[in-house]
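Quick notes on the structure that follows.
The values are calculated or read from the model by the stated rules, or taken from the named source; none is laboratory data. Fair warning: this is a prediction, and the values are worked out from it, not measured in the lab. Using ideal geometry, Cβ is built from the backbone for each residue, glycine included, and neighbour counts are taken over all protein chains shown. SASA here: full protein model, heavy atoms, side chains in, ligands and nucleic acids out. Shrake-Rupley method; radii C 1.70, N 1.55, O 1.52, S 1.80 Å.
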Amino acid sequence: MEAAEVKDLIDEAHEREQAKRKALGGHHADNAEDGGHGVKMSTAIYISVLAAVLAIVSVAGSNAGKELMASAIEASDSFAYYQSKTQRQISLRLAADELELLSAGMPADAQAKALQRSVEYRQSADRMEADEGKNSRKDLLAKAKAAEVRRDHAAAQDPYFDFAEGMLQLAIVLASVFAITNWVFILWASRALAVVGVLMAVDGFTLILPLPFL
């Protein structure tokens, strides 16, 4: 629910209350107006606080969703690059083995060149394994696993924020209904939903208490 809609609902409720108070007249009307103004003010503050919390939760949920997508893509790309490096490494080592086998029947000069090339292939394969800072297989595997950790963390957070956002939206709706009807049980229902929403948001940030249904 937008802030403008909430304001319209509260203003509508206030206008209705004013119409009733005019019919009362005198000192009783003044007392009723003071009480009505207090209810309107407290309800407006309550709804404003809920709206602020909802905005924070919405941003957190959006960020979790973005992190989930970005980390999933990064993990997939890193693993694909890792597999490509692995295949290249295997090819180099197979080529080195083949050169060593073929060099046995070669003349001395050709054999020396073949063996030198075999050594170069093996060195290239070894650099692919652990040449740190240059997208080695070791680096790529570490990046992929780190991205998976971030992806899983964001995936765990996202449903909590979605649930909290829904509860807070319902709390705002019920608070708006209370502003029109002045039915106290609706206000208490709104407060209960707000508490649940806030607790779910806190759990989404901290993941202290994993819930099996999320």
(message) Under 7 Å between Cβ atoms, which residue pairs at least 6 apart in sequence (or on different chains) link something in segment 145-161 that is closer than 16 Å to D203 by Cβ with a partner that is outside any helix (DSSP H, G or I)?
(response) A156/L207; Q157/L207; P159/L214; Y160/L214
(request) From (1) open to solvent by 20 Å² or more (accessible area, probe 1.4 Å); (2) in a helix (DSSP H, G or I), pick out the condition that doesn't hold for L209. (result) (2)
(message) Given the criterion in a helix (DSSP H, G or I), at pLDDT below 85 and among the polar types (S, T, N, Q), identify the matching residue among S103, S118.
(response) S103
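Could you pull out the residue among I186, I180 that is open to solvent by less than 30 Å² (accessible area, probe 1.4 Å), within 22 Å of M41 (Cβ to Cβ) and among the β-branched types (V, I, T)? Reasoning before the result, please.
Details: I180 fails: open to solvent by less than 30 Å² (accessible area, probe 1.4 Å).
Of the residues listed, the single one that is open to solvent by less than 30 Å² (accessible area, probe 1.4 Å), within 22 Å of M41 (Cβ to Cβ) and among the β-branched types (V, I, T) is I186.
Residue by residue, here is whether (1) without any contact (Cβ under 8 Å) to a residue 12 or more places away in the chain; (2) assigned to a helix (DSSP H, G or I); (3) of a type in the set (G, A, S) holds:
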| site | (1), (2), (3) |
| --- | --- |
| A55 | yes, yes, yes |
| S58 | no, yes, yes |
| N63 | yes, yes, no |
| M69 | yes, yes, no |
| A72 | no, yes, yes |
| D77 | yes, yes, no |
| A80 | yes, yes, yes |
| K85 | no, yes, no |
(message) For the condition open to solvent by 80 Å² or more (accessible area, probe 1.4 Å) and either under 30 Å from E165 (Cβ atoms) or of a type in the set (A, V, I, L, M) (or both), what is the one hit in M106, M128, M69?
(response) M69
(message) Looking at L187 and the list (1) part of a helix (DSSP H, G or I); (2) under 28 Å from S76 (Cα atoms), which single condition is not satisfied?
(response) (2)
(message) Being hydrophobic (A, V, I, L, M, F, W, C), within 26 Å of L140 (Cα to Cα) and at pLDDT 90 or above is true for just one of I56, I73. Which residue is that?
(response) I73
